[in-house]
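What follows is one structure encoded as structure tokens, with my remarks underneath.
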Amino acid sequence: MTAARRNILLTAAALAALSAGAALSAPDTHKPVGPKSAAHRVTTQRAAAEAPVAAADLASPKYGTWGFDVSGMDTSVKPGDDFFNYANGKWAARTEIPSDRVRFGNFDKLSVLSENRVHAIDIDAAAGKLKDKDGAKIGAAYASFMNEALADKLGAKPIAPELAQIRAVKTKDQFTALMGKGNHAGFTTTFPVGVTIDAKAPTKYAVLAATGGLGLPDRDYYLQPSFAEKKAKYLAYVQQILTLAGWAKPAENAKAIVDFETQLAQVQWTRIERRDRDKTYNPMNPVELNALTPGFDWNHYLTATGLPGVSRVIVTTNTAFPKVAKIYADTPLDTLKAWQAFHVADGAAPYLSKPFVDASFGFRSKELSGQPEQRPRWKRAVAFTDGLVGESVGRVYVARYFPPESKAKMDALVKDIQTALKARIEKLDWMSDPTKTKALEKLAQFTVKIGYTTEWRDYAKLTIKADDLYGNISRAQTFEWNRQVARLHKPVDKTEWGMTPQTVNAYYNPSNNEIVFPAAILAPPFFDPDADPAINYGGIGGVIGHETSHGFDDQGRKSDGKGVLTDWWTAEDTAKFDVQRDKLGAQYSAFEPFPGAHVQGGLTMGENIGDMGGLSLALDAYHTYLHGRPAPVIDGLTGDQRVFLGWAQVWREKIREDALRQRLVSDPHSPAVYRVNGTIRNIAGWYDAFGVKPGDKLYVAPADRVHIWVK
């Protein structure tokens, strides 16, 4: 079992969108077994009889009397010195991160609401009360995870077939074929492949290949001295999992596995390098692939993946491929088999008996992210069910919790933001007319998706059993892989969503040139129909502007209005853009949350451009909304001030140190404090609104401010 088993709903659309760094926020990371036992019957009945979720836990939160929580401000802080704490300081002082989470803030508060609502759906489904065509599947998925007694009884038995297949391997060719099964049978691989939208022909799907095989969050965990302690704990964890799985020589093999992965880490591209959409587009045929990776048979491998006869593969990190192939060729087969066994057991651990669950939590959540306590089983069951049949859950979620008027109001807000960006493009003094014309054409061709899909996924061919937790995972992964393979030679499904309606997030997909806003994010503090309009513009308006700006960030700008990856900029305009891009990167790279640990301006570039553009457009759109009328003053705060406060309120967040250190090397989003303090420093309207002057800590001289879509 690989990480793919933990992310079953990572569809091609999601892959295309998220690989471009275009989501609003990173998530909080979080075979037949025979007749039903008495323990199973008791557990299932208990799940079915679970008490309903309290009505208060299903209601949208409210923030103050006009959409902003004034009590969370710390007005003793000067806005120009630390706007994040001016807006959120008292909230931070009184807020503790729940013991089963690695971060908490207003974004997460909304995620908790969505979790409670999905829990209510799951309870009804498990009790047979859900009137939906997939109600039985939802109920069976939830019940299978809640059946802890059966999982404890089975121990490591669910993964015995995979381990037996690994033990049976006698040659490297056989092992290569076993890795090829990873997309649909739970094994890991050094060369993961997937089906995604072809960036240069976005009406078609293509096979994409990358490098993989690491068990730690990022290559830096193997290579940076600052993570040496985590790497040592990882070695102990690998040994622990091998021991639980009954694999021979666990201590010896654990060291060999970590050494092997360290070699892989040394040759893999950095996350910053992997962001470059031009450099990661390298189409090849199998003959060229075989020449690139001597000793690794791609024909054999692709056949094992279920993609025989594929004539074209888009290679991402091409210069790493021959290096990974050599490491693979030089590594003893016994080490590779132990590595495979570890990843099968590690990926399966959250779904096995208590010793596996505790080991996985102890390292992956507690050690790596600083999470003190395991999440209650029902919360994990909700996430599990969401992963298996998320769109069926979403269909019920929309019917229960998403009022149609929210969609209509969002349509109007999107138009306001797009009008603001159109005006900014037209007035840019650094962009030539030919590039402006094409930029405006692209903006006019944006697709906007709000709330939920128009074509729900059909899970008819997916079998889910209430007494087969691990089997459900295996079948779901096979179902998803087969779904992707089946459409390889069909036109791209433009109705597909990369997120379910109950997801609190949003994204831009460059290949479809679309911005997508799931239903669950359209609630306070992002969107409240009863709130002061300035707060809505600073909240959801900033989000709309953020995703729209992704179409024109350092990577999103490389696709045209039809989603084609192509260079539609003049060389002079590109050079001017790059100057501002580099200036922005330097600003963010100077931020240092911990001594020696900096934000990576290159990694977070797209999101920083999105934030800066999004908030600027939100302010413009608010001014348009006023139609020349003076904005009311509320609690002594002007309209412009409230727009900026609305943005700051969205990013109220506290995060544990280990989790933040992990995100600094792996997350394309800047930490929340810099999504506020880093963004506003380049926006002239913020200086005007709060009277920020030279000498204030956040002050940036006009000549040093970044002007991309901001002026």
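The values are calculated or read from the model by the stated rules, or taken from the named source; none is laboratory data. Note that the coordinates shown come from a computational prediction; the quantities given were computed from them, not determined experimentally. FYI the Cβ positions are ideal-geometry reconstructions off the backbone, even for glycines, and counts take in every protein chain you see. Calculation scope for accessible area: heavy atoms of the full protein, side chains included, ligands and nucleic acids excluded. Shrake-Rupley method; radii C 1.70, N 1.55, O 1.52, S 1.80 Å.
Tabulated results
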{"item": "Identity of the residue in region 429-467, farther than 30 Å from residue 493 by Cβ and not hydrophobic (A, V, I, L, M, F, W, C), that ends up modelled with the lowest pLDDT", "result": "429"}
{"item": "Residue check, residue 216 in a loop (DSSP other than H, G, I, E, B), within 27 Å of the chain's Cα centre (by Cα) and crowded, with 19+ Cβ neighbours inside 10 Å", "result": "yes"}
{"item": "Residue in region 335-352 that is surrounded by fewer than 18 Cβ atoms within 10 Å (Cβ to Cβ) and more than 26 Å from residue 164 (Cα to Cα) present", "result": "no"}
{"item": "Enumeration of residues in region 425-464 that are farther than 24 Å from residue 404 by Cα and not in a helix (DSSP H, G or I)", "result": "428, 429, 430, 431, 432, 445, 459, 460, 461, 462, 463, 464"}
{"item": "Any hit, region 467-488, residues being open to solvent by 50 Å² or more (accessible area, probe 1.4 Å) and within 22 Å of the chain's Cα centre (by Cα)", "result": "yes"}
{"item": "Matching entry among 398, 389, 382 (being assigned to a helix (DSSP H, G or I), in contact with a Pro (Cβ under 9 Å, 6 or more places away or on another chain) and modelled with pLDDT of 95 or more)", "result": "398"}
{"item": "One residue from 237, 205, 221 being buried (at least 18 other Cβ atoms within 10 Å of the Cβ) and touching an Asp or Glu at 6+ places or on another chain (Cβ under 7 Å)", "result": "205"}
{"item": "Qualifying residue in region 416-423 (condition: surrounded by fewer than 15 Cβ atoms within 10 Å (Cβ to Cβ) and assigned to a loop (DSSP other than H, G, I, E, B))", "result": "no"}
{"item": "Residues that are within 26 Å of residue 106 (Cα to Cα) and open to solvent by less than 20 Å² (accessible area, probe 1.4 Å), drawn from region 489-513", "result": "497, 498, 500, 501, 502, 504, 505, 506, 507, 508, 509"}
{"item": "Residue in region 154-169 that is open to solvent by less than 50 Å² (accessible area, probe 1.4 Å), of a type in the set (Asp, Glu) and in a helix (DSSP H, G or I) present", "result": "yes"}
{"item": "Single unsatisfied condition, residue 252 versus (1) in contact with a Phe, Trp or Tyr (Cβ under 6 Å, 6 or more places away or on another chain); (2) part of a helix (DSSP H, G or I)", "result": "(1)"}
{"item": "Helices (runs of 4 or more DSSP H) wholly inside region 593-677 containing at least 2 residues that are under 17 Å from the mean Cα position of the chain (by Cα) and more than 25 Å from residue 528 (Cα to Cα)", "result": "605-626, 657-666"}
{"item": "Pairs, first open to solvent by 10 Å² or more (accessible area, probe 1.4 Å) and β-branched (Val, Ile, Thr) in region 386-410, second at pLDDT 95 or above and part of a helix (DSSP H, G or I), C-beta under 9 Å, six or more apart", "result": "396/118; 396/121; 396/124; 396/125; 396/135; 396/138; 398/519"}
{"item": "The one condition in (1) open to solvent by 50 Å² or more (accessible area, probe 1.4 Å); (2) within 18 Å of residue 188 (Cα to Cα) that residue 262 fails to fulfil", "result": "(1)"}
{"item": "Boolean, residue 650 is crowded, with 24+ Cβ neighbours inside 10 Å and at pLDDT 95 or above", "result": "yes"}
{"item": "Failed item, numbered, when residue 132 is tested on (1) surrounded by fewer than 21 Cβ atoms within 10 Å (Cβ to Cβ); (2) modelled with pLDDT of 95 or more; (3) not basic (Lys, Arg)", "result": "(2)"}
{"item": "Yes/no for residue 118 being among the β-branched types (Val, Ile, Thr) and within 30 Å of residue 311 (Cα to Cα)", "result": "no"}
